[in-house]
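The values are calculated or read from the model by the stated rules, or taken from the named source; none is laboratory data. This one's a predicted model, so the numbers in the text were calculated from it and none came from an experiment. Here the Cβ positions follow ideal geometry from the backbone for every residue, glycine too, while neighbour counts run over all protein chains shown.
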Amino acid sequence: MTEATVTLVDGMQFVAETGSGHSFTIDSVPDVGGHDTGPRPFELLAAGLAGCSAMDVISILRTMRQKPTGLKVHVTGERATEHPKKYLSIHIEYTVIGYGLSEDRVARAIELSETKYCPAIANLRPGAPITSSYTILEANEETMRK
């Protein structure tokens, strides 16, 4: 079972506590009563999706005996203008850095995350189409700093 609790601090600022014992601030912008001290709830959905798929992809690549040294997953989502302002579409962009990475294996790792393993994608996909793209960078001194 997954658990999370949010407790009002002030204005629109909340402290979130997870079942695994972690806590962080969730907030809004000042013009709606927030203090801008933390991410917005909808940003957390995007971050959760990015983190979920990133963990899958890196794990799958390592299982495939690839040598990833870095991974960046960037999620963008178009939202409706009317309430409940749900996602209309989501795009996931993967940047995979490593030594001699096989493009076929990178593509397969992403496909497995998106179609089989990532529960965040599975939960969001029925409500919004999800597309993705990827870039593979050879590890070197410059890419290691990204």
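Just to be sure before I move on: is Ile110 in a helix (DSSP H, G or I) and either outside the structural domain of Leu49 (by TED's automatic domain parsing) or in contact (Cβ under 8 Å) with a residue 40 or more places away in the chain (or both) in the structure I sent?
When the stated conditions are applied, Ile110 passes them.
Going through segment 96-128 one residue at a time, which ones are among the charged types (D, E, K, R) and closer than 17 Å to Leu44 by Cα?
Selection gives Arg125 alone.
Please work out if Ala80 is over 15 Å from Ser133 (Cα atoms) and at pLDDT 95 or above.
For Ala80, the condition - over 15 Å from Ser133 (Cα atoms) and at pLDDT 95 or above - is met.
Here are some conditions: (1) in the same structural domain as Val6 (by TED's automatic domain parsing); (2) assigned to a loop (DSSP other than H, G, I, E, B). Ala128 meets all but one. Which one does it not meet?
Among (1) in the same structural domain as Val6 (by TED's automatic domain parsing); (2) assigned to a loop (DSSP other than H, G, I, E, B), the lone unmet condition for Ala128 is (1).
Does Ile58 fit the bill of being out of contact with any Gly (no Cβ under 8 Å at 6 or more places or on another chain) and of a type in the set (Val, Ile, Thr)?
Spelling it out, Ile58 is indeed out of contact with any Gly (no Cβ under 8 Å at 6 or more places or on another chain) and of a type in the set (Val, Ile, Thr).
Restrict the check to segment 114-124 and report whether at least one residue is in contact (Cβ under 8 Å) with a residue 40 or more places away in the chain, among the polar types (S, T, N, Q) and closer than 30 Å to Gln13 by Cα.
No, the conditions are met nowhere in segment 114-124.
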